[in-house]
Amino acid sequence: MSDRSLFDGTGPGTDGDEMFAADGGLRPTYAPLHDALVQLGEEEFRSRSESLARSYLDQGVTFDYAGEERPFPIDAIPRLIAAEEWAEVSEGIAQRVRALEAFLEDLYTDSRAVADGVIPRELVDSSTYIVDAMRGYVPPNGVRLHIAGIDLVRDGSGGFRVLEDNVRTPSGVSYVLSNRRAMVQTFPELFAHRPVRSVGEYPGRLLAALRAASPDVGGDEPTVVVLTPGRYNSAYFEHSLLARTMGVELVEASDLVERNNRVYMRTTAGLRRVDVIYKRTDDDFIDPEVFRPDSMLGVPGLVRAVLAGNVVVANGIGNGIADDKLTYTYVPDLVRYYLHEEPILRNVDTWRLEEPEAREEVLDRLAELVVKPVDGSGGKGIVIGPAASRDELDELRRRLQADPRGWIAQPVVQLSTIPTLVEDGLRPRHVDLRPFALNSGEDVWVLPGGLTRVALPEGEMIVNSSRGGGSKDTWVLAGTRPSRVEVPTSAGTVRVVEEDAADAPLETGVDESFVADAAEREPDRALEPMPITAAIPMLDADDLAEEHEDRTDDGRTTEEAHDAQ
C-alpha cells in the first residue's frame, strides 16, 4: 500500500478544494492532518469509519433517504479552519448578529430604518413574519436574537460569504457537539497533531445567555426551560440534548400554564415559576390566543405574560422578519446603518425579483441561475436553473411573474469541496458551514467551528440530509499569536479586534466536558454518560423532504407546512 493510497482519488484539487490546491499540492492548514491520516492507512481508516456508521445504525440513529433507512453519515475527514481566518469569520458573524438585533429592536419600536429609506416599507408591510402584538415590546435585557445560525459558503476566491441567516429556531448544534465526541473517541490520535479549539463550552454559554435574558427575579436563580413540540418532532433529540447538557427541564406545552400574566411549570411539588423559555416551536403555534387557535403546541396566555415582562421567550416572538431571504439582501446596508461599519462578511450576489429590472434580467437568465423562495428552508422550493428541465423553468417563470415578492435569485455558487469517504474511496464533495452565535446582551459569542454539511452524491450542490447529505466535524485551529481583524467604520477610522485564543479550551482526545458541566450545575440530576451518537436529530427541521410525512419544529407535517406557504 503506497503512502498516497488513501488519497488517490482526491488530487489534484481545484481552486475550490480546501485540502488540495489545483497543482496537487497540500494546502498548509491541512498538511499535518493529511500526514496523520496517511500514517493511519486506508484499511484502518475505512475500518474505523465503518465502525462509526455501524454504531449509528445499531442505536437507531437513522434517516429516511429515497425510502431506505440509513445511518446518518458523519464523514471522518474533518474540515479545518485556520485561527486567523476564523477570527475574521467569528467577528463577521458577531457583527451581523448585532446588526440584526438592532434591526429587530428598531422595527418593533421606532422603525427608523424604514423612515430613513434603508429598508423599504413594502418589505415590512408584505412580510408574514411581523407580529403586531409585539410592537412596542422591549425585552428585559434588550435581546430578541439570543441564538443565531448563519450559513456560509466559500466563494471563488476562497473567502466565506453569507448564504442565509437563521434567527427563529436554528437547528443543528447537536450535530456539532455529537460529531466532536464521535471524532475524539474514534480518531483520538488525529487531535495530537494540531491544537483544536473545543466546542464543549456551548451548553454552558447557552445557559448563561438565557439566564442573562431573564426578567428580574429578586436575586433568585432564573428558571430556564426548553419548550419542545414533543418526542415525535424531527428535532426532538436536539431539544433533549440541549436540556440535558444545560441541566434544565425539557417541557411540552401541556407542562406549562399561565396564571395572572406569569408562566408556571407543573411539577409534582406544585406550580413552579418559569422565567425563560427556549422555544423550539414556530411562532404560529406558540400561543393559541394570538396565533393559530387550533394549536395544541402552545401555551394560552404566553404572549400576555411576555408583554407583562414576567417571562422571556428565546428566540423572540416575531424574529422571522430578520431571516426572510428578502431581508437578507439588505443586511449589508443594515450593518452600515446601525453599526456605522463596513460588513466583514459579504452576501452572495442576489437579485430581488420585486424590482422590475432585476426581475427582467432573471427571467432572461433562468437557465443559469438559482431561484429561491424567500420563506423556504432546507433546500425546499429551490430551482437550480442549469439542472432544471424546460417545463420546470416555464412553470417557475409563471410563479415568479405571479409573486415576485416571494422569490430571490442568485448565481450558481460553486461550493468548496473537501475529500470525503464514499463507496469508491475519498472523493471531493461540496460543503457549506453553519456557525452558531449566542447573544447575551453584553457580548456575542460564536461557537468555534459550527456545522459543516456535506453533499454526498457526486455533483450535488444542496447539502441537506433530505438530499442525501451528511456532516463533518469542524476544527478551528488554535493560533500561536493573537489574531487581528480590522473593521473600517463610516467615520474613516478602523475598529481593531484582537482575539487571543491562548487560553481557549482545546480538545484533549477525551471530551466529556459538556456532560460533566451539566452534572455540576445540577448535581441532584443523574446524567449518565451518553454514547457518541446519543441525542442528535437525524433530520433537523430545515432538512425535511417535502414528500415525507414528518414533523417540522412548528409541529406541522411537511405537507401542511408546504400547503401553508
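When you count, for each residue, the other Cβ atoms within 10 Å and take the mean per peptide, how do 216-227, 433-444 rank with the highest first?
Most protected by this proxy first, the peptides run 433-444, 216-227.
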| Given labels modelled 7 Å from the Cα in the Cβ direction, how far is it in nm from T508 to D294? | 5.5
| message | Please report the spacing between the Cα centers of region 418-488 and region 83-103 in Å, no decimals. | response | 16
| field | Accessible area, probe 1.4 Å, largest first, for residues S490, S49 | value | S490, S49
| Which value results when the Cα radius of gyration for region 259-359 is divided by 2.2 N^0.38 Å? | 1.51
| request: Measure off 7 Å from each Cα along the Cα-to-Cβ vector at D500 and A308, then give the distance between these two points in nanometres to one decimal. | output: 4.9
| task | Would you please state which residues of region 307-339 a label at R112 would reach in this model, taking the label point 7 Å out along Cα→Cβ and a backbone N cut-off of under 11 Å? | result | 337-339
| request: Go ahead and run the numbers for FRET between T186 and R121, Cβ-Cβ distance against an R0 of 51 Å, rounding to 0.05. | output: 0.40
| Burial order of peptide ranges 33-43, 148-158, 445-455 (average beta-carbon count within 10 Å, highest first) | 445-455, 148-158, 33-43
| task | Report the Stokes-Einstein translational diffusion coefficient (µm² s⁻¹, integer) for region 349-498, Rh taken as the Kirkwood radius over Cα pairs, at 20 °C with viscosity 1.002 mPa s. | result | 116
| remark: Listed by chain and number, the lysines with an alpha carbon less than 19 angstrom from that of K380, same-chain partners under 8 positions apart left out, are K325, K372
| note | In nm², the average projected area of the convex hull spanned by the Cα atoms of region 165-315 is 11.3
| field | Cα-Cα separations in region 338-384 greater than 11 Å, expressed as whole percent | value | 75
| task | Could you state how much accessible area R352 has, in square angstrom rounded to the nearest 10, with a 1.4 Å probe and all protein chains kept in place? | result | 40
| said: Using only the Cα atoms of region 91-139, what semi-axes does the equivalent ellipsoid have when each is the square root of 5 times a gyration tensor eigenvalue? Give whole Å, largest first. | reply: 19, 14, 11
| Within region 469-485, whose backbone N sits under 19 Å from a point 7 Å along Cα→Cβ of I384? | 469-472
| Loop chymotrypsin sites (Phe, Trp or Tyr not before Pro), region 158-231 (other Cβ atoms within 10 Å of the site Cβ: 14 or fewer; DSSP) | none
| field | Under 17 Å from the E342 label point (7 Å along Cα→beta-carbon), backbone N, region 150-181 | value | 159-162
| In whole Å, how far is the Cα centre of region 152-178 from that of region 118-136? | 25
| task | Let me know the Rg and Dmax you get for region 85-185 when you use only its Cα atoms, in Å. | result | 17.0, 55
| said: Per-residue counts of other Cβ atoms within 10 Å, averaged by peptide: what ranking do you get for 201-210, 274-283, highest first? | reply: 274-283, 201-210
| request: Please give the contour-minus-distance gain from R273 to D394: 0.36 nm per residue of separation, less the Cα-Cα distance, rounded to one decimal in nm. | output: 38.0 nm
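The values are calculated or read from the model by the stated rules, or taken from the named source; none is laboratory data. In this text the structure is predicted, and so the values were computed from the model without any measurement. Reconstructed Cβ throughout: ideal geometry from the backbone, glycine too, with neighbour counts over all protein chains shown. All accessible areas refer to the heavy atoms of the entire protein, side chains included, with ligands and DNA or RNA removed. Shrake-Rupley method; radii C 1.70, N 1.55, O 1.52, S 1.80 Å.
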